[in-house]
């Protein structure tokens, strides 16, 4: 994947953020999308969207089919996280991150 430019596109930012604060820490989680469509055994089961709960390591599912797909196939969670995340840059500055 190419470099993601956080500039505005058509009046809307192409990256959104979740912000988590405690009395000792701050976490900023940039996202390029809200989630992705998920299928299981060839059947579309719905979109999985991640919101601020992702900062706490949780995922909200809306149906038993979504729960089953996420629980029994760990690649589904990786798929959703890849869809929302910013790809790691492949250059000499990686070690700074």
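I need a count of the residues in the range 53-69 that are part of a helix (DSSP H, G or I), more than 21 Å from residue 86 (Cα to Cα) and without any contact (Cβ under 8 Å) to a residue 24 or more places away in the chain.
2
Take residue 79 and tell me if it is at pLDDT 85 or above and touching a strand residue (DSSP E or B) at 6+ places or on another chain (Cβ under 7 Å).
yes
Only residues that are within 13 Å of residue 40 (Cα to Cα) and surrounded by 12 or more Cβ atoms within 10 Å (Cβ to Cβ): list them for the range 53-70, please.
65, 66, 67, 68, 69, 70 - these are the residues of the range 53-70 that are within 13 Å of residue 40 (Cα to Cα) and surrounded by 12 or more Cβ atoms within 10 Å (Cβ to Cβ).
The values are calculated or read from the model by the stated rules, or taken from the named source; none is laboratory data. Source: prediction; values computed, not measured. Backbone-built Cβ (ideal geometry, glycine too); neighbour counts: all protein chains shown.
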